[in-house]
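Step one of this worksheet: look at the structure below.
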Amino acid sequence: KRVAILISGRGSNMEALVAAAAGDDYPAEIVGVIANTPKARGLESARMRGIATRVVPQRDHADRAAHDEAIGAALTELDAELVCLAGYMRILTPGFVAAWAGRLINIHPSLLPCFPGLDTHQRALDVGVKLHGATVHFVTEAMDDGPIIAQAAVPVLVGDTADALAARVLKAEHRLYAMALAMVARGQVRVEDGRAVFSTTS
Ligand code: GRF
């Protein structure tokens, strides 16, 4: 499957997907990386890895819908079949989400439905959970919601700081995202009536 990745920042999950896709038998090819800002640090590392990049800045567009349309045009141009959000920090419009329903996935740094939104690691420490982690899910209109594809848990250790916990989760994210994308690309998980349906045969 032809996969495009949307980023806004560092791009370490994008790098993990690019590395996984370079492996033998991986069912997805990363055909492009699109950022909503030229400042996204991941753009440079994508270029260094020989991946096509596009910058679609929101300030060039009148509103959110026009911006998402431009992103959609870039995806069409790349001939993308699946889209991975990887630290993409803009909420997508309902129209965009509907157009890509079942083909649009996101990684979130918590065990959803706990801690949607920002600052997940500090919030996990504040609440005192002993397990934390990451979730890959199909994107729906609601933020950090949508049918769950896969999760990875990590322990919260005594004396953890938000940074230490974030680093532990991030390592898990990189493995998790590569595995979850492979499942989607192989057709082993799909959305049916708003739920994730899994099969082991395809
Ligand atoms: C990750 O923690 C991801 O789960 C969250 O934003 C962070 C992006 O990091 N959505 P990177 O840009 O992939 O390094």
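Things worth noting here:
- Residue in region 90-110 that is within 28 Å of I51 (Cα to Cα) and touching a Lys or Arg at 6+ places or on another chain (Cβ under 7 Å) present: yes
- Looking only at residues in region 167-182 that are hydrophobic (A, V, I, L, M, F, W, C) and buried (at least 19 other Cβ atoms within 10 Å of the Cβ), the one that is nearest to the ligand (Cβ to nearest atom) is V169.
- Some residue of region 88-105 being touching a strand residue (DSSP E or B) at 6+ places or on another chain (Cβ under 6 Å) and either more than 25 Å from G187 (Cβ to Cβ) or assigned to a helix (DSSP H, G or I) (or both): no
- Subset tally (residues that are surrounded by fewer than 18 Cβ atoms within 10 Å (Cβ to Cβ) and within 16 Å of the ligand (Cβ to nearest atom)) for region 24-40: 3
- Test: residue in region 51-59 that is in contact (Cβ under 8 Å) with a residue 60 or more places away in the chain, within 15 Å of the ligand (Cβ to nearest atom) and not small (G, A, S): no
- Test for L43: is it within 20 Å of K171 (Cβ to Cβ), surrounded by 19 or more Cβ atoms within 10 Å (Cβ to Cβ) and within 15 Å of the ligand (Cβ to nearest atom): no
- All positions within region 24-39 that are of a type outside the set (S, T, N, Q) and either part of a strand (DSSP E or B) or in contact (Cβ under 8 Å) with a residue 40 or more places away in the chain (or both): Y26, P27, A28, E29, I30, V31, G32, V33, I34, A35
- Checked against (1) out of contact with any Pro (no Cβ under 9 Å at 6 or more places or on another chain); (2) within 12 Å of the ligand (Cβ to nearest atom); (3) of a type outside the set (G, A, S), V97 passes all but condition (2).
- Residue satisfying all of: in region 5-23; among the aliphatic types (A, V, I, L, M) and in a helix (DSSP H, G or I); surrounded by the fewest Cβ atoms within 10 Å (Cβ to Cβ) among these: A19
- Residue that is farthest from E173 (Cα to Cα) [pool: residues in region 65-92 that are within 16 Å of the ligand (Cβ to nearest atom), surrounded by 19 or more Cβ atoms within 10 Å (Cβ to Cβ) and of a type outside the set (F, W, Y)]: L92
- Residue check for R175: basic (K, R) and closer than 22 Å to R10 by Cβ: yes
- Among the candidates I71, I30, residue that is closer than 24 Å to R186 by Cα and β-branched (V, I, T): I30
Values in this text are rule-based calculations from the coordinates and carry no lab data. In this text, all values refer to a predicted model and were calculated from it rather than measured experimentally. Cβ: placed from backbone, ideal geometry, glycine included. Neighbour counts: every protein chain shown.
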